[in-house]
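Asks: Got a structure for you, written out below as structure tokens; questions coming shortly.
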Amino acid sequence: MLEKLFKLKENNTTVKTEIIAGLTTFMTMAYIIALNPNLLTNFGAEGSALWNGVFMATCIASAVGMFVMAFVADKPFAMAPGMGLNSFFAVVAANIVSLTGMTYLESFQSALCIIFVEGIVFIILSVLNVREKIVDAIPLGVRLGIAPAIGMMLMNIGFGSNVGVYSEAGGPFYAMRDFFGALTAGLAKNNMGSGYGTMVLTVVTMFVGLFIIVILAQKGIKAAVILGMLVSSAIYWMGEALFLHVNPFASLADASFLPPFQDMAQTTLFKLNFSGFLQIDWFTVVTLIVTFCIIDMFDTIGTLVGTASRAGMLDKNGKMPKMKEALLADAVGTVAGSVTGTSTVTTFVESASGVEAGGRTGLTALTTGIVFLACMFISPIAAIIPAAATSSALIYVGVLMLTGLKNVHFDDMSEIVPVALMLIAMPVSGSIGHAIGIGLIAYTIIKVFTGKAKEVTVLTYVLSAVFLLKFFLAA
């Protein structure tokens, strides 16, 4: 049955490989299950009921998007509420409070209407092939640079924002900035206080896990990534127990394994507050919807193209088969998120870890989606996966994605300059969409002022103008 559904032999994969790939993807993105409700409720400051509602919505909406990705697009990409977009959503909800005088919960439910409209717009655009045409309008040179740029961002996440250490000295402290960056004068130990021990354990775990993954991969073991993460997790737990005198499993003692359905029903499930939504002036509403659409669209496009490129899923023209269906999964997931209670659902860059583990079909996405649903019951277990272990996988996959640079024509300035800018912009800005926008603008300007304006398509001109307008409006 699975063979018929996902054409495993045709894609040179097996059920075992796909399931391992799905679990690998889950382990690298499990952080979103707790982090998303933290960000949308100010780390629980808005009440446990809303936190529980967003937690449930995160699991359900992510699974819905991945099931569509699995059965409609048959692609191995995972989905969840997008980082950056969720922080922006929280700011929007807080601003609605000041604009209208509503409570945060009422404002949150009003902001969900914006996500609902965005999702509907995306469904229409996907069905009409508009989003696919936008993908095709991205010049091949820029498309070739997306995967390496994502690789740089993954390494930046692995060394930086994925692991933050706090102590009485403050924080968050990060490995690349605060550990390696301050070693020369011994400032790392002095500045981090009691957090220094945790940082040392984090760095050791990251590199040991990375080398284990590399060695296993060199030996041809397809489960290299997930095995490396499991070993590095064990190392971290032992380090906590032996050197930091912390019980890594203490949180499981009084953890609840019952899904908070009642809290979700009271706060977020089908709680779209259209009356509150109508209290926001129309210009603000339109601006917010357009902003969410642009960020989500190009983040998703970039992740799909970049990850598919690494997996060898692109044709000779740099196009991915069933792109329309994959984009539709993103749109359906966003609508599901709005009616269950979370911000925009988008394709996760961590999907690259599952692809590297051998995932090639929708069975990988299906596996990840099922585990996300299971997390409604086992979230305390998912929460004890050390961030340092996931960093090992992200750094490894990031390095592999850099190999895409071999396809870039380094003797063509209209190609290498946009790629170089994306390589810097993506990790610095943390946005795939913004980096693509900078690449498009650079490509267009170089072509126009070198007498090759006719080589730029009309839609590329339009996209470049849209990004210029967005950047200036944001400024």
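The values are calculated or read from the model by the stated rules, or taken from the named source; none is laboratory data. Here the structure is a predicted model, which means the values were calculated and not measured. Every residue, glycine as well, gets a Cβ built from its backbone with ideal geometry; the counts of neighbours run over all protein chains shown.
Asks: Which residues, taken from the range 27-47, are closer than 12 Å to A90 by Cα, surrounded by 24 or more Cβ atoms within 10 Å (Cβ to Cβ) and among the polar types (S, T, N, Q)? So that I can check it myself, show each step before the final result.
Replies: Let us first name the residues in the range 27-47 that are closer than 12 Å to A90 by Cα, namely 36-43, 46.
Remaining after also requiring surrounded by 24 or more Cβ atoms within 10 Å (Cβ to Cβ): 36-37, 40-41.
Listed by number, the residues that qualify are N36, T41.
Asks: Is there a residue being more than 21 Å from the chain's Cα centre (by Cα), in a loop (DSSP other than H, G, I, E, B) and either more than 28 Å from A63 (Cα to Cα) or without any contact (Cβ under 8 Å) to a residue 24 or more places away in the chain (or both) anywhere in the range 437-449?
Replies: Going residue by residue through the range 437-449, those that are more than 21 Å from the chain's Cα centre (by Cα) are 440-449.
Checking which are in a loop (DSSP other than H, G, I, E, B) leaves us with 449.
Checking which are either more than 28 Å from A63 (Cα to Cα) or without any contact (Cβ under 8 Å) to a residue 24 or more places away in the chain (or both) leaves us with 449.
Yes, the conditions are met somewhere in the range 437-449.
Asks: Oh, and also: Between residues in the range 104-123 that are on the phi > 0 side of the Ramachandran plot and residues that are in a helix (DSSP H, G or I), which pairs lie under 9 Å by C-beta distance while being six or more apart or on different chains?
Replies: Matching pairs, first to second residue: none at all.
Asks: Anything in the range 158-175 that is modelled with pLDDT of 85 or more and of a type in the set (A, V, I, L, M, F, W, C)? List them, or say none.
Replies: F159, V165, A169, F173, A175
Asks: Enumerate the pairs (first residue in the range 370-392 and touching a residue at least 24 places away in the same chain (Cβ under 8 Å); second residue anywhere and outside any helix (DSSP H, G or I) and of a type outside the set (A, V, I, L, M, F, W, C)) with beta-carbon separation below 6 Å, excluding pairs fewer than 6 apart on the same chain, so at least 6 apart or on different chains.
Replies: Pairs that qualify, where the first residue is touching a residue at least 24 places away in the same chain (Cβ under 8 Å) and the partner is outside any helix (DSSP H, G or I) and of a type outside the set (A, V, I, L, M, F, W, C), are M376/P259; A387/N162; S391/N162.
Asks: In the set L440, L402, which member is on the phi < 0 side of the Ramachandran plot and either surrounded by fewer than 21 Cβ atoms within 10 Å (Cβ to Cβ) or acidic (D, E) (or both)?
Replies: L402
Asks: Test each condition in (1) surrounded by fewer than 19 Cβ atoms within 10 Å (Cβ to Cβ); (2) in contact (Cβ under 8 Å) with a residue 40 or more places away in the chain for L423 and report the one that comes out false.
Replies: (1)
Asks: Right, here's the next one. Considering only residues that are loosely packed, with under 15 Cβ neighbours inside 10 Å, out of contact with any Asp or Glu (no Cβ under 9 Å at 6 or more places or on another chain) and either closer than 16 Å to K75 by Cβ or aliphatic (A, V, I, L, M) (or both), which ones fall in the range 11-26?
Replies: The one that is loosely packed, with under 15 Cβ neighbours inside 10 Å, out of contact with any Asp or Glu (no Cβ under 9 Å at 6 or more places or on another chain) and either closer than 16 Å to K75 by Cβ or aliphatic (A, V, I, L, M) (or both): N12.
Asks: Do you know which of the residues in the range 261-296 that are at pLDDT below 90 and either polar (S, T, N, Q) or not in a helix (DSSP H, G or I) (or both) is nearest to the chain's Cα centre (by Cα)?
Replies: Out of the qualifying residues, it is T291.
Asks: Contact list please: Cβ distance under 7 Å, first residue in the range 125-140 and surrounded by 15 or more Cβ atoms within 10 Å (Cβ to Cβ), second residue among the acidic types (D, E), pairs at least six apart or on different chains.
Replies: Close Cβ pairs (under 7 Å, with a partner that is among the acidic types (D, E)) do not exist here.
Asks: Just a yes or no: is a residue in the range 87-94 without any contact (Cβ under 8 Å) to a residue 12 or more places away in the chain and outside any loop (DSSP other than H, G, I, E, B)?
Replies: Quick first cut of the range 87-94, residues without any contact (Cβ under 8 Å) to a residue 12 or more places away in the chain only: 91.
After this cut, where a residue has to be outside any loop (DSSP other than H, G, I, E, B) as well, the list is 91.
Yes - at least one qualifying residue is present in the range 87-94.
Asks: Only one of G228, G276 is among the small types (G, A, S), touching a Cys at 6+ places or on another chain (Cβ under 9 Å) and touching a residue at least 12 places away in the same chain (Cβ under 8 Å). Can you tell me which?
Replies: Numbers: G228 fails: touching a Cys at 6+ places or on another chain (Cβ under 9 Å).
Only one candidate passes the filter, namely G276.
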